[in-house]
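Every number here is computed from the coordinates shown, using simple stated rules; none is lab data. Just so it is clear, the structure is predicted and the values come from calculations on it, not from any experiment. Neighbour counts run over all protein chains shown; Cβ positions are idealised from the backbone, glycine included.
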């Protein structure tokens, strides 16, 4: 009977020592590897995790790299997006400096409904640059609603002017522009050369992010031997 009790006690001690769950004289020391069923399970799943049964907090910090976004003097203040999240404004005078997580990212700037996008790889402690200026001037020439004269030509006793309206905004606009043409002619009544000007208005409804042309015909004063100046735009309105 005594032999059985002694053997049972010996087996129990050996199992506990093998599991590594005793013999720790320092309560603050955590075993490097613990297979005892009652020992805590260490599983770090967030950037600030306290391990159950211990006083250890694991901090995981993603490395970041600097990124400068510029528009090289493009005449507008533009919102900047990194991975479709708004991160600030880039202006004509000042680029936008950011700290971005390492890895591949999409960066874009928007002029109304028109957005330009570029992809970049961010590296820790290495500055990266994106300059949208050349593309903006090439693809989004006008950052605000405007009008311009595309062409003009003589027709009969007058001139035909082709006006283009440009709407880069996010809503439909009614746009109008005053057009004038200075000219001279010889009066049939007095047989003398006289000066005059003719005016008209071009207008159109323009959808967001689109352009539309308007053909305006302006007639000269009665006479002959006309000489005319290039047409010019006056007041431009958008509402």
Square roots of 5 times each gyration tensor eigenvalue, C-alpha, the stretch 64-139, largest first, Å: 20, 12, 11
For the stretch 64-139, share of DSSP beta bridges that run antiparallel, in % to the nearest 5: 85 percent
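How much length, in nm to one decimal, is gained on full extension between residue 137 and residue 196, taken as 0.36 nm per residue of separation minus their Cα-Cα distance?
Answer, rounded to one decimal: 17.5 nm.
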Residues in the stretch 79-106 that a label on residue 129 would reach, taking backbone N under 14 Å of a point 7 Å out along Cα→Cβ: 95-97
Relative packing of 161-173, 76-88, which averages over residues the other C-beta atoms within 10 Å, highest first: 161-173, 76-88
Relative contact order for the stretch 64-139, counting Cα pairs under 8 Å that sit 6 or more residues apart, in percent: 41 percent
